[in-house]
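Participant: Pasting in a structure now, in structure tokens, and then I'll have a few things to ask.
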Amino acid sequence: MGEEGREFRVLAVDDDYLIRLLLADVLTNASCRVLTASDGAEAVEILEKEPVDLLITDYDMPRMNGLELIRWSKARFPHVTAVMITGQNCQALAAEGRQFGALRVLLKPFSVEHLLSLVGEIRGTAPIP
């Protein structure tokens, strides 16, 4: 949850520009402050400078994959909730994501409604219409 008096901040990380754009648009319309990064290494730079409540990261990215990013972020910022998204329908990957600290693993393609419901749940609010 965001600290009292400030917006709920989300860092959306995906090497696919269109996915980043979609996440940013949907979450901005849901009253979130959205930061974006094109890979895990860029996300690390942002996380070291900006407070974030929710990290949404793709699994398969150059320089640092989503599991590595989640592991790093949970070690440095244990309060940050992490969600991993992936196009790989693999139970082992989903289990590994949860083991490294991901609250959920969303399989691409996911619906906007599902994403908004999850963000609402994390924020502790009713699902966002």
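The values are calculated or read from the model by the stated rules, or taken from the named source; none is laboratory data. Keep in mind it's a predicted model, so treat the numbers as computed, not measured. Heads up, the Cβs are rebuilt from the backbone with ideal geometry, glycines too, and the neighbour counts pull from every protein chain shown.
Participant: Give the residue, chosen from 67, 23, that is at pLDDT below 95, in a helix (DSSP H, G or I) and buried (at least 20 other Cβ atoms within 10 Å of the Cβ).
Facilitator: Just one listed residue meets the conditions, 67.
Participant: Can I ask one more? Scan segment 78-89 and report the pairs whose first residue is part of a loop (DSSP other than H, G, I, E, B) and surrounded by 12 or more Cβ atoms within 10 Å (Cβ to Cβ) and whose second residue is modelled with pLDDT of 90 or more and not aliphatic (A, V, I, L, M), with Cβ atoms within less than 7 Å and a gap of 6+ or a chain change.
Facilitator: 80/53; 80/73; 88/59
Participant: Taking interchain pairs and intrachain pairs at least six residues apart, which have beta carbon atoms under 6 angstrom, with the first residue in segment 13-28 and more than 17 Å from residue 120 (Cα to Cα) and the second of a type in the set (A, V, I, L, M, F, W, C) and modelled with pLDDT under 95?
Facilitator: Once the first residue is more than 17 Å from residue 120 (Cα to Cα) and sits in segment 13-28, its partners that are of a type in the set (A, V, I, L, M, F, W, C) and modelled with pLDDT under 95 give 15/61.
Participant: Oh, and also: For the subset of segment 1-20 comprising residues that are surrounded by 13 or more Cβ atoms within 10 Å (Cβ to Cβ) and small (Gly, Ala, Ser), which member is modelled with the lowest pLDDT?
Facilitator: Ranking the candidates gives 2 first.
Participant: Ok, one more. So in segment 32-53, with the set limited to residues that are in contact with a helix residue (DSSP H, G or I) (Cβ under 9 Å, 6 or more places away or on another chain) and not hydrophobic (A, V, I, L, M, F, W, C), which one is farthest from residue 73 (Cα to Cα)?
Facilitator: Checked segment 32-53; the qualifying residue farthest from residue 73 (Cα to Cα) is 33.
Participant: So if I check each of 105, 83, 34, 52, which one is under 19 Å from residue 123 (Cα atoms) and modelled with pLDDT under 95? Please lay out each step first, then the result.
Facilitator: Details: 83 fails: modelled with pLDDT under 95; 34 fails: modelled with pLDDT under 95; 52 fails: modelled with pLDDT under 95.
Result: 105 is the single residue among 105, 83, 34, 52 that is under 19 Å from residue 123 (Cα atoms) and modelled with pLDDT under 95.
Participant: Filter segment 106-123 down to the residues that are free of Cβ contacts under 8 Å to residues at least 40 places away in the same chain and hydrophobic (A, V, I, L, M, F, W, C), then identify the one that is farthest from residue 85 (Cα to Cα).
Facilitator: Within segment 106-123, the match that is farthest from residue 85 (Cα to Cα) is 118.
Participant: While we're looking at this one, here's another question. What number of residues within segment 44-68 are under 20 Å from residue 110 (Cβ atoms) and touching a Phe, Trp or Tyr at 6+ places or on another chain (Cβ under 9 Å)? Spell out how you get there, then give the answer.
Facilitator: First pass over segment 44-68, keeping only residues under 20 Å from residue 110 (Cβ atoms): 53-61, 65-67.
Cutting the leftovers down to touching a Phe, Trp or Tyr at 6+ places or on another chain (Cβ under 9 Å) gives us 53-55, 65-67.
Of the residues in that region, 6 qualify.
Participant: Hey, can you tell me all the residues within segment 26-59 that are surrounded by fewer than 19 Cβ atoms within 10 Å (Cβ to Cβ), of a type in the set (D, E, K, R), in contact with a strand residue (DSSP E or B) (Cβ under 7 Å, 6 or more places away or on another chain) and outside any strand (DSSP E or B)?
Facilitator: Across segment 26-59, the qualifying residue is only 50.
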